[in-house]
1. Can you pull out every residue in region 132-180 that is of a type outside the set (Ser, Thr, Tyr) and free of Cβ contacts under 8 Å to residues at least 12 places away in the same chain?
2. Looking at Thr91 and the list (1) in a loop (DSSP other than H, G, I, E, B); (2) of a type in the set (S, T, N, Q); (3) more than 22 Å from the chain's Cα centre (by Cα), which single condition is not satisfied?
3. Identify the residue in region 77-88 that is assigned to a helix (DSSP H, G or I) and hydroxyl-bearing (Ser, Thr, Tyr) and, among all such residues, is surrounded by the fewest Cβ atoms within 10 Å (Cβ to Cβ).
4. Report, by residue number, each residue of region 112-164 that is of a type in the set (D, E, K, R) and farther than 19 Å from Ser203 by Cα.
5. If you scan region 186-211, which residues turn out to be part of a loop (DSSP other than H, G, I, E, B) and either out of contact with any helix residue (DSSP H, G or I) (no Cβ under 7 Å at 6 or more places or on another chain) or open to solvent by 40 Å² or more (accessible area, probe 1.4 Å) (or both)?
6. Give the residues of region 1-42 that are in a loop (DSSP other than H, G, I, E, B), polar (S, T, N, Q) and either free of Cβ contacts under 8 Å to residues at least 60 places away in the same chain or open to solvent by less than 40 Å² (accessible area, probe 1.4 Å) (or both), sorted by residue number.
7. Could you list all residues from region 90-104 that are open to solvent by 90 Å² or more (accessible area, probe 1.4 Å) and either farther than 22 Å from His175 by Cα or among the hydroxyl-bearing types (Ser, Thr, Tyr) (or both)?
8. Could you please find all residues in region 169-181 being closer than 17 Å to Asn26 by Cβ and surrounded by 17 or more Cβ atoms within 10 Å (Cβ to Cβ)?
Amino acid sequence: TATAMDKPTRAIMTAMDQPLGRAVGNALEVAESIACLRGEGPADTMEVTYALAEQMLLLAKVAKTQEEARAKLEDSISSGAALSKFRDLVTAQGGDASVVDDPSRLPQAKFKEALLATKSGTVADVDAMEVALAALRLGAGRAKAEDAIDPAVGVADLVKIGERVEAGARLCTIHASDETSLADAKAKLSAAIKLSNEPVAASRLIGDVIG
């Protein structure tokens with residue numbers, strides 16, 4: 001499609017063996033995005049976002065090298081320009097821009113419960129599909145086109161593959177609107193997050209650039 005429209009396009013192959021970042025769910029992901037614009041987001045989300053944005057600046061000829069593009073992007077974060085632009089976008093679309101400075105104003109779930117590790121170990125797997133299905137059960141997505149989405153629910157504070165956790169430590173926090181969906185999501189997430197007694201290396205996050 002891009003070729004037919006004479007538009008230069010590139011794609012980046014990235015790891016998808018676990019959720020990107022530590023949040024799944026509408027308001028939770030917006031809050032995480034705001035943290036990223038402050039330079040405080042999860043390392044993997046920041047890395048993928050920088051990699052994508054570098055290619056955008058190169059394609060738009062705003063930067064001549066990947067290093068120059070990265071420097072421009074980091075400056076937009078450290079200067080506050082990126083966060084300011086997001087505030088402008090929220091305002092332009094009739095949203096409440098105050099959430100940029102106070103993400104707690106975003107929709108909040110009635111129930112918030114930590115899923116705790118039953119043993120010590122290294123995170124060996126965070127099954128992305130099972131986490132997505134847990135979020136779907138909570139109401140963060142649609143099983144049918146007519147289903148309503150609850151912007152407040154989802155999963156936060158997700159552990160990452162390769163991290164060491166001790167028994168009783170938090171594996172994630174479940175945000176739910178009712179106790180039934182909370183219990184269902186808890187069961188799915190318990191099965192989705194697996195620990196190993198051996199050290200586990202995280203997958204390579206950024207792969208080939210196509211185009």
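1. Scanning region 132-180 gives Leu136, Gly141, Arg142, Ala143, Lys144, Ala145, Glu146, Asp147, Ala148.
2. All conditions are met except number (1).
3. Residues of region 77-88 that are assigned to a helix (DSSP H, G or I), as a first pass: 77-78, 81-88.
This time we only want the ones that are hydroxyl-bearing (Ser, Thr, Tyr), so: 78, 84.
Numbers: Ser78: 11, Ser84: 13.
The selected residue is Ser78.
4. Within region 112-164, Lys112, Glu113, Lys119, Arg137, Arg142, Lys144, Glu146, Asp147, Asp150, Asp157 qualify.
5. Asn197, Glu198, Pro199, Val200, Ala201, Ala202, Ser203, Arg204, Gly211
6. The first filter runs over region 1-42 and keeps only residues in a loop (DSSP other than H, G, I, E, B), leaving 1-10, 15-23, 25, 38-42.
Adding the requirement that they be polar (S, T, N, Q) leaves 1, 3, 9, 18.
Across region 1-42, the qualifying residues are Thr1, Thr3, Gln18.
7. If the condition is that a residue be open to solvent by 90 Å² or more (accessible area, probe 1.4 Å) and either farther than 22 Å from His175 by Cα or among the hydroxyl-bearing types (Ser, Thr, Tyr) (or both), then Gln93 is the only one that fits.
8. Residues satisfying the conditions are Cys172, Thr173, Ile174, His175, Ala176, Ser181.
The values are calculated or read from the model by the stated rules, or taken from the named source; none is laboratory data. The model shown is predicted, which means the values in this text are computed figures rather than measured ones. A quick note on method: Cβ atoms are made from the backbone with ideal geometry, for glycine too, and the neighbour counts reach across all protein chains shown. Just the protein is used for accessible areas: all its heavy atoms, side chains included, with ligands, DNA and RNA removed. Shrake-Rupley method; radii C 1.70, N 1.55, O 1.52, S 1.80 Å.
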